[in-house]
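Each remark here refers to the structure printed beneath this line.
Any read-out appearing in this document is the output of simple, stated calculations on the displayed coordinates, not a laboratory observation. All values reported here derive from a predicted model rather than from experimental measurement. Here Cβ is always computed from backbone atoms with ideal geometry, including for glycine, and neighbour counts include all displayed protein chains.
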Amino acid sequence: MTKPKMHTPDLVAQNIEWVAERLPGCITESMNEKGEVVRAVDFDLLRQELSKEIVDGPQERYHLNWPGKREALLAANAPIAKTLRPCREESVDFDTTQNLFIEGDNLDALKLLQETYLNKVKMIYIDPPYNTGNDFVYSDRFASSTAEYLLLSRQQDDTGQRLVANTESNGRFHSDWLSMLYPRLRLARSLLADAGLIFVSIDDGEAANLRLLMDEVFGGDNFVAAIAWEKRYTRSNNARMFYSLKDTILVYRKSATLAFLREPRSDESKGIYSNPDNDPRGVWTSSSYVNPATKENRPNLVYPITSPKGAVIEHPTHAWKYSLSEHERHVAEKRLWWGQDGTAKYPRLKVFLEERPDGLVPIDIWKYEESGTTDEGGAELKQLFGAAVFDNPKPTKLIQRMLSLLPSDEKDGIVLDFFAGSGSSAHALMAQQMNGGAQHRFIMVQLPEECAVGSEAMRLGFRNIAAVSKERIRKAGGLLREKATLLGEHSDLGFRVLKVDSSNMKDVYYRPDKATPALLGGHVDNIKEDRSDEDLLFQVLLDWGVDLSLSIKKETISGKPVYFVDTNALAACFASGIDEEFVKELASRKPLRAVFRDAGYGGDDVKINVEQIFKQLSPGTEVKTL
């Protein structure tokens, strides 16, 4: 019987395994700090394997580099022994919703999501802290405890306050910001589906660095667009030089699997189509038949055209757009338009809406009329809270426009925002569904960063930004729910709150080499005393890579509580006194997976026989013990 590993994947070990499979000659042995022989990569040989020239040392090359980049890469790859603990009291529709809100450091959260959501996220939108000199910036010293690294890096004072300014005077102004974002983008990329898109908002301060960083993480070939979003439309004369009316939104795809993008036609674009001649093919618009090229440039497109009145028409200087054979087809299909009375000087080609490809080619300038402004984002929050509880929130209209680029035939996609802020992304997705959009689900991640003293949020009783975000989603969902009731519509307007925390397992579980007979006497149960059955259930879901949004039902079997996930995907019982009769009853349900608590067995004989009972009654069940 196997035991859950109860920590995130060791990405370094996985990468070494990947190299070993493809370039086994690059694998060597090395001594670690404990004097143990471990497998390692011969980087000199690896560099040679990847070069057509002799590599005898570092060479100049085009790349983005900064102080702390290697440490940031280590931070991305280092495993963590943490978990996600469910919080029913802060959730909405906990048992049925497929939406998730994760409270905690997003680096931890992204690691915890790796096995469950690898290559499954359809769209990522993030609005990371802009590097203005006053914003909070994360620091990721993975080698020490959270409290220790926050204190040492001066991100936290001795009262536990975690807010620092990344001021230009610290000497690593741009480097610290890049080091914060780099590991998070690397982890986010692995979650993105092959046909997925990521949108990142940024101002001019780090736009150039972010573009290079995104090129490195996602590949320059996967750059899609640098959208100029008109975030406001009136200038301020308080600016000393230029006043910015725009932000940049960088768009990248995961891979070339995504090769086609369209956005829905707006009412304005549909307005150019009409049907003045009652054509049975429906509404149409017209395009010029005259080629910009001259007759001399395109002699093969020069020929006479006969009008409906019998006149022979030739353009005096320019060729036609279409070949003679195409023109004859247009005439046969009655696609030439000579005006309402048939006396136009030159024909135009009828273009029918029904024959046009779905949607419009996206453009990289998003005007405020179609995409909203920061003022609109603030107004949305004031409508919900009665006050400005968040600075410069993104309008839901902006994020809905991003969502509209997802293929309409793809349902149940996952939308991830790991800098959730005020919760605009969740609000936008729920509103999009109410307007007839695809029924996607969201994963929001937000650090419980303290609200500023004296702020409107603090005045209203919100201690941290995560609390503001959760309440915004509750309030927005409540308003949309009223609309759904009135219109008879249904959407998922709930969310399941999960909080990043230390592992449910006692330290001896991870460091058995430190165990002594006396210590083991106090650790017969390897689960921390303050952890609930649902806490254990969600750590098992993470360890097994089971979707965290699946339905959960609690039943009683032989007087013991059993959790069934997605009907029969997983059965978990963490009660004590488990005997063979109970195990037989559970095995008769034939779950795909079953898990028990190590200290829950009624005796060693039961623990030994569990696997045999399942092999006899449900051989397809995978069994684990915590």
Can you list which of the chymotrypsin sites (Phe, Trp or Tyr not before Pro) found in the stretch 280-334 are DSSP loop residues with at most 16 other C-beta atoms within 10 Å?
Tyr322
Per its Cα gyration tensor (rounded if a/c is under 1.5, else prolate when a/b beats b/c, else oblate), the stretch 513-625 is best filed as oblate
So, with +1 on the Cβ of K and R and -1 on the Cβ of D and E, and no other charges, what is the size of the charge dipole of the chain about its Cα centre, to the nearest 20 debye?
1480
Run the helix sum for the chain: -39,500 (n - 2.57) per DSSP H stretch of 4+ residues, divided by residue count, reported at 222 nm to the nearest 500 deg cm²/dmol.
-9000 deg cm²/dmol
Run the simple label-point estimate for Val453 and Leu118 please: 7 Å along Cα→C-beta, distance reported in nm.
4.7
Contact order normalised by length for the stretch 267-353, with contacts defined as Cα pairs under 8 Å and 6 or more residues apart; what percent is it?
37
Contact order relative to length of the chain, as percent, for alpha carbon pairs under 8 angstrom and 6 or more apart:
18
Length-normalised contact order for the stretch 366-487 - Cα pairs under 8 Å, 6+ apart - percent:
24
Would you work out the charge dipole size for the stretch 513-625 about its Cα centre, treating the Cβ of every Lys and Arg as +1 and the Cβ of every Asp and Glu as -1, and quote it to the nearest 20 debye?
260
About its Cα centre, how strong a charge dipole does the stretch 267-353 have in debye, to the nearest 20, once Lys and Arg get +1 and Asp and Glu get -1 at the Cβ?
120
I'd like the orientation of helix 173-191 relative to the chain: the angle between its Cα long axis and the longest Cα principal axis, in ° from 0 to 90, rounded to 10.
90
Cα-Cα pairs of the chain separated by more than 40 Å (percent):
43
Pick out, from Asn526, Tyr233, Ala594, the residue whose Cα sits farthest towards the positive end of the charge dipole of the chain, with +1 on the Cβ of Lys and Arg and -1 on the Cβ of Asp and Glu.
Tyr233
Give the Debye-formula value of log10 I(q)/I(0) at each listed q (0.12, 0.18, 0.26 Å⁻¹), with one equal scatterer per alpha carbon of the stretch 267-353, two decimals each.
-0.39, -0.82, -1.36
Principal-axis tilt of helix 207-218 within the chain, Cα atoms, nearest 10 degrees:
70
Among Leu110, Asn275, Val41, whose Cα projects farthest towards the positive end of the dipole of the chain, with charges put on the beta-carbon of Lys, Arg (+1) and Asp, Glu (-1)?
Asn275
For the stretch 175-265, shape from the Cα gyration tensor axes a ≥ b ≥ c, cut at a/c of 1.5 then a/b versus b/c, turns out oblate
Using just the Cα positions, wrap the stretch 448-497 in a convex hull and report its mean projected area in square nanometres, one decimal place.
3.9
Charge dipole of the stretch 304-380 about the Cα centre (unit charges at C-beta), most positive-ward option of Pro362, Val331, Gly310:
Gly310
Fewest-first ordering of Arg88, Arg496 by Cβ atoms within 10 Å yields Arg88, Arg496
